[in-house]
1. Quick test for you: out of 172, 141, pick the one residue that is among the aliphatic types (A, V, I, L, M), closer than 22 Å to residue 8 by Cα and exposed (fewer than 15 other Cβ atoms within 10 Å of the Cβ).
2. Is it the case that region 116-126 has a residue that's part of a loop (DSSP other than H, G, I, E, B) and buried (at least 16 other Cβ atoms within 10 Å of the Cβ)?
3. Output the residues belonging to region 144-169 that are assigned to a loop (DSSP other than H, G, I, E, B) and either open to solvent by less than 70 Å² (accessible area, probe 1.4 Å) or within 27 Å of residue 96 (Cβ to Cβ) (or both).
4. Anything in region 175-191 that is open to solvent by less than 100 Å² (accessible area, probe 1.4 Å) and either at pLDDT below 95 or under 15 Å from residue 114 (Cβ atoms) (or both)? List them, or say none.
5. Looking only at strands (runs of 3 or more DSSP E) that fall completely inside region 1-109, which ones have 3 or more residues that are surrounded by fewer than 21 Cβ atoms within 10 Å (Cβ to Cβ)?
6. Would you pick out the residues in region 36-75 that are closer than 18 Å to residue 112 by Cα and charged (D, E, K, R)?
7. Can you confirm whether region 153-166 contains a residue that is over 24 Å from residue 14 (Cα atoms), within 14 Å of the chain's Cα centre (by Cα) and without any contact (Cβ under 8 Å) to a residue 60 or more places away in the chain?
8. Tell me which residues, restricted to region 97-127, are free of Cβ contacts under 8 Å to residues at least 12 places away in the same chain and over 13 Å from the mean Cα position of the chain (by Cα).
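The values are calculated or read from the model by the stated rules, or taken from the named source; none is laboratory data. From a predicted model like this one, the values you see are computed outputs, not experimental measurements. Reconstructed Cβ throughout: ideal geometry from the backbone, glycine too, with neighbour counts over all protein chains shown. SASA here: full protein model, heavy atoms, side chains in, ligands and nucleic acids out. Shrake-Rupley method; radii C 1.70, N 1.55, O 1.52, S 1.80 Å.
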Amino acid sequence: MNSIAVFCGSSIGASDAYREGAIQLGKELAKRQITLIYGGASVGIMATVADTVLQEGGKVIGVIPTLLEEREIAHQQLTELIVVNTMHERKSKMMELADGFIALPGGPGTLEEFFEVFTWNQIGLIQKPCAIFNIEQYFDLLISFFDHMQQEQFLKAQFREALIVDADAVTLLDKCQSFVPPAIKTYELSK
């Protein structure tokens, strides 16, 4: 695993634990020489992860759309900053560059990005680890909802089991690096 994309907030959040978790993840990425792929901003949890990776001597590639370049204040100290035209291009580029994906605390944009890569794994467009860094139990309700989706038969067991969840950055990255994609069944179209 050479690179991991993180989806997370452009805000710092209400708890210092979110910032501390982002620092923990950034240090571990740099230690393992895993390039960070992220949204390119110099604010919020996004900046905390990026700044930590850079301070620890790691590589960081930011991908930011022109729409957010000024609003989220594009980070100018990255290894590489890629400016794209649209949010769709941002996600596409991040998916192309990353060998895996981790969601940290964030809002609707974070969830939207994460759900897209998780869905793409289900249908076989990608086969890369999708993980939730459950800092301070931030994602507990979402994890319960994944369980509910499986119970109600809207999410197959192999995809629920493939979802990586942990509250420790070291363990989370260990699980990402040992990820084995679930088998995807192909269905014949009826004629």
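1. On the way: 172 fails: exposed (fewer than 15 other Cβ atoms within 10 Å of the Cβ).
Result: 141 is the single residue among 172, 141 that is among the aliphatic types (A, V, I, L, M), closer than 22 Å to residue 8 by Cα and exposed (fewer than 15 other Cβ atoms within 10 Å of the Cβ).
2. In the first step, residues of region 116-126 are kept if they are part of a loop (DSSP other than H, G, I, E, B); the result is 124-126.
Still in the running and buried (at least 16 other Cβ atoms within 10 Å of the Cβ): 126.
Yes, that holds for at least one residue.
3. Those that are assigned to a loop (DSSP other than H, G, I, E, B) and either open to solvent by less than 70 Å² (accessible area, probe 1.4 Å) or within 27 Å of residue 96 (Cβ to Cβ) (or both): 155, 156, 163, 167, 168.
4. From region 175-191, those open to solvent by less than 100 Å² (accessible area, probe 1.4 Å) are 175-179, 181-184; that's our starting set.
If the condition is that a residue be open to solvent by less than 100 Å² (accessible area, probe 1.4 Å) and either at pLDDT below 95 or under 15 Å from residue 114 (Cβ atoms) (or both), then 176, 181, 182, 183, 184 are the ones that fit.
5. By residue number, 80-84.
6. 72 - this is the single residue of region 36-75 that is closer than 18 Å to residue 112 by Cα and charged (D, E, K, R).
7. yes
8. 108, 119, 125, listed by residue number.
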